[in-house]
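Working notes, beginning with the structure itself.
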Amino acid sequence: MPNTLNMVQAINQALMEEMNSDETIVVYGEDVGVEGGVFRVTADLQKKYGEKRVFDTPLAESAIVGTAVGMAINGLRPIVEMQFSGFSYPAFNQIISHVARMRNRSRGKYNLPMVIRAPYGGGIRALEHHSESTEALYAQIPGLKVVIPSTPYDAKGLLISAIRDNDPVLFWEPKRIYRAFKQEVPEGTYEIPIGKAKIIQSGEDITVVSWGAMVRDVQKAIEMVKVKDISVELIDLRTIAPIDRESFVESVKKTGRILVVHEAPKTLGVGAEIISIVNEKAFLYLEAPPTRLTGFDTTFPLPRGEQHYIPTPERIAKTIEDVVRY
Amino acid sequence: MRFEFQFPDIGEGIHEGIITKWLVNVGDMIKEGDSVAEVETDKVTTEIPSPKTGKIVELRANNGDTIHVGDVFVVIDTEGNAEDVSPEEIKDTLNEKKEIVEEENAGVVGEVIASSEVIAPSDENKENNEDKKDVKKALATPVARKLAKDLGVDINQIVGSGPNGRVMKEDIIKASEKLQVGKQEITLDETIKTASQAQEEKLLIEDEKIERIPLTKIRKTIAEKMTQSRFTIPHTTAMDELDVTELYELRKRYKDSLREEEINLTFMPFIIKATIAVLKQMPEFNSTLDEENDELILKKFYHIGIATDTDRGLMVPVIKDADRLSIVELAKKVDEISNKAKNNQIELKDLKGSSFTITNYGSIGGYYGIPIINYPESAILGVGRIVQKPIIKNDEIVKAWILPLSLSYDHRIIDGASGARFLNMMKELLENPEMLLLKA
Amino acid sequence: MLPVSVPIASQLQHATGIGMANNIKGEKNVVMTYVGDGGTSHGDFHEALNFAAVFNAPVIFIIQNNQYAISTPRKVQTKSKNLAVKAIAYGLPGILVDGNDLFAMYNASKAAVERARNGEGPTLIEAFTYRLGAHTTSDDPTKYREDKEVEEWKKKDPILRLELFLKNKGLIDDKWVENTKAELEKDVTATFEEIEGKSDTEIDDIFKFTYEKMTPQLEEQLSEYKAFLEGGNK
């Protein structure tokens, strides 16, 4: 019987159910055990599975990730949390130097079936480090996978896939929509494949690619442009690395136009990669320049300035129109 | 004026609070800054100050109730009038906005909006039943697309000649030209008015001073053909004067006797004979340029068109395989088709298929000419009136019969030197008629 | 045995993690990990020891204090009296040992391993030794240390000491030393030549260990590159 959950609850359920069927899964990080996480994502896990498998650590992100490397080598499946994605930077060295490379360095002898979870993205009127989007940084590192869900259903299915993946996955949770809406989520486990985007709706005039919390804003924009007779094909990327190229390439072959919408800063963001791929694979089908609508190349602004930074549905709608009318 | 006081965001990520104690009653007067209630939150118990001065009109929560940021929990009348409004009931807004309290939304920092909105269930794994419409779209680079746009051509209608059927710039230009020729909107140079400019001027003409004559079909056809020829082929004309005194004498000697055989011996048969001889040496004058395939088609047959003036207009009946006819036979043929044309007895098949055309405006009296090539041929020979003129021969002025020739040709495939050579060869044959016997 | 870790001290956290996992799994294995004197300044050293103590991980941390981090003498590395003393801050025992004494090292390590096996947690061992040679072939130690110092330490060379000890006890003789050296040299040379003799890298090897299964991007890049190599320059 399906339950109606928001994203926090969906992720929690994924963890609950997977820990039940796989004893090698351990969950740890700052404040995840007793308190259940500052966003309550890991609530009640310790109660159910005990301190050995769900525990709190000293405040040290590098060690949280570094020890997870050791644990994974030693046969466990650690799911560690970075309290905010902006706090993953102290662990950057461990992530880039070891998490991403252990399989390659050991020629396949050791692999790291671990997950690093973190709330990411802006829109909750919080400071920098609590609002930034740096998925591009990690997406560029060979050996890592980066996943960003946009709905509760997807969050659960993708997290389960991430947990079961024998390679490390960064599971970035868009905190702005942690509780913004609910959705039917089946009880019991199910997997949504990593590396597969989703065509949320079909359209003829333009392909729009987005992920995370931005998907809802794009959907609002799509309603706005419907009255102007513009039909949009919306693709939720879901996996940032490895990117599902086929999804939007085939779409662009049909529509001839593409717009990427993301929160992260413009320069060298994931939008740039998508556009390059479109260039490589669908050049002759283009009827307008591939475009991206993104955050500015600035540090994430303080709360009052937030609404300028994150593309609004109005801005998205206007950009869609501009591209279609090129 | 009613001021609805919403529970403010007091920071620290506080989303809601519990009213532990009201510090005012309905009807109380308060000043800005006075505390209205004590509220307990996750982090702290605090007093909430009033932002307005006035009278408390409504309290929308009870002690112990949970209120959320943004909820209206107090209504203040800022005008200060003692209103008779006593709240009938303290509305319990909490029931409406009852958030999922079990979440206890703590965010440490920031404000995570909680809502009980439910979105549509996922359609993961649902077969995409949409027919993959096989839209036939042209493959083309952005540069090509822009070119098509600029030239007003629908790129999806063009068959591409590039790899994998890609539409190349050349394809677009060609399609555009075909369009142009059909529409005939080409302007040759700025001094020629555009069709629209001419239209405008047309309208300015006073009506009673003009007469409008609808064009006949033939006239229209001629107009189209002339335009097509002149606008497609870069024409150039070489001219020369030939001293045909000896030919003149030759004709004089035989024309009377041939007349008895009902043969009208004009100069044309000789000219035709000479022309064919030269064409055999210079086949490019007897050709057609295949623009689509970038090839020059040399014709090994000699169908000579003879431009003829009729009362219905210009016609070009054709003498097929003229190279097989003797001068006398040519004379007969020329006569025959000329008469047929003038009497409107000419058949369509006789008006087609020429590989080279000769136009004799001299018969009417012209001397010089810049004839227009009979498209899609590559050259045309204009023959003017033969007149007697004084010339210098052996350092002395003598009388001579002069035949003016004007040779227009396609400068894309024939250079100036060739044009001159053609006429030189004509000269050799026609100025020494014995050469016709030997070489033609 | 884990592969080489380039970022200094980062491996200590892996060791702690492996140890923590042993506890979670209820296994009695212990982990031994090494770091240089320079590495003790790194944040990862601090975090790893802290975690190891908090979680009672069965890890033996061995500092090979050879007095120099390339050109930086130990005294510049930290103001602490020695490196073993840092253990106190984390709540785990630290021992300062003569690193050039085989038996001392053996005893200290054995005790630490037993502690760990008994569930008593991690130990920090500082092996006090000396880097006789240069840091690398491009390093010139004469720039930052006195030859006199080096000569003094040569006398304390652990292999030399062991050799003398065993000879005194009559357990080995010069011949044995000579033969063993020759044998070992042969071994090393043979291994060296074997590795050197191996052919060029297999192109696939560059790609296939990035993930369990190659992504479409990787497969495309690999096949494109192979096509380039096979096609010459078309």
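Comparing Cα centroids, region C:145-191 and region B:345-380 end up 113 angstrom apart. By the rule of a C-alpha distance below 30 Å, with chain neighbours fewer than 8 residues away ignored, the lysines paired with residue C:175 are C:154, C:155, C:156, C:167, C:186.
Using 0.36 nm per residue, how much length does the chain from residue B:314 to residue B:339 gain when fully extended, once their Cα-Cα distance is taken away?
Between residue B:314 and residue B:339, full extension yields an extra 7.6 nm.
Comparing Cα centroids, region B:229-268 and region A:80-115 end up 98 angstrom apart.
Rounded to the nearest 20 debye, the dipole magnitude of region B:380-440 is 180 debye, with +1 charges on Lys and Arg beta carbons, -1 on Asp and Glu beta carbons, and the Cα centre as origin.
Look at the dipole of region A:3-185 built from charges on Cβ: of A:43, A:95, A:73, the Cα furthest out on the positive end belongs to A:73. Under 15 Å of direct C-alpha separation, and excluding same-chain neighbours fewer than eight residues apart, residue A:109 reaches these aspartates and glutamates: A:167, C:205, C:212.
Exposure proxy for B:118, B:167, B:316: other Cβ atoms within 10 Å of each Cβ, ordered fewest to most, give B:118, B:316, B:167. Rounded to the nearest 10 degrees, the inclination of helix A:7-21 to the longest alpha-carbon principal axis of chain A is 40 degrees.
Computed from Cα positions, the angle between helix C:10-25 and the longest principal axis of chain C comes to roughly 90 degrees.
Quick check: from the Cα gyration tensor, does region B:21-80 come out rounded (a/c under 1.5), prolate or oblate?
Prolate shape, in that a/c is at least 1.5 and a/b is the bigger ratio.
Using only side-chain charges placed at the Cβ, +1 for Lys and Arg and -1 for Asp and Glu, the dipole size of region A:198-324 relative to its Cα centre rounds to 140 debye.
Could you line up C:20, A:102 from fewest to most neighbouring Cβ atoms inside 10 Å?
Fewest to most other Cβ atoms nearby, the residues stand as A:102, C:20.
Note on region B:289-400: lysine pairs with Cα distance below 18 Å, sequence gap of 8 or more or different chains, count 18.
If I take R0 = 56 Å and measure r between the Cβ atoms of residue B:123 and residue B:215 in this structure, what FRET efficiency does the formula 1/(1 + (r/R0)^6) give, to the nearest 0.05? Using R0 = 56 Å, I get an efficiency of 0.25. Among B:22, A:172, the order by Cβ neighbours within 10 angstrom, fewest to most, reads B:22, A:172. Between the beta carbons of residue C:163 and residue C:139, assuming R0 = 41 Å, the FRET efficiency works out to 0.90 to the nearest 0.05. Extending 7 Å from Cα along the Cβ direction at residue B:417 and again at residue A:315 yields two label points whose distance is 6.9 nm. Straight-distance candidates among the aspartates and glutamates for linking to residue A:220, with alpha-carbon spacing under 18 Å and chain neighbours fewer than 8 residues away dropped: A:204, A:205, A:229, A:233, A:236, A:263, A:314, A:321, A:322, B:117. Separation of region A:126-142 from region B:306-326 is 85 Å, based on Cα centroids.
Helical content alone sets the calculated 222 nm signal of the protein assembly as shown at -11000 deg cm²/dmol, taking -39,500 (n - 2.57) per DSSP H segment of four or more residues and averaging over every residue.
Simple spin-label estimate for residue C:72 and residue B:324 gives 10.5 nm between the two label positions (7 Å along the Cα-to-Cβ direction from each Cα). In this rough spin-label picture, where each label sits 7 Å from Cα along the Cβ direction, the residue C:190-residue C:228 distance is 4.1 nm. Put a plus charge on the Cβ of each Lys and Arg, a minus charge on the Cβ of each Asp and Glu, and nothing anywhere else: the dipole of the protein assembly as shown about its Cα centre is then about 3140 debye.
Laboratory data are not the source of any read-out in this text; all were calculated from the coordinates shown. Only a predicted model underlies this, so the values are computations on that prediction, with no experimental measurement involved. Positions of Cβ are generated from backbone atoms using ideal geometry, with glycine treated the same way; all protein chains shown enter the neighbour counts.
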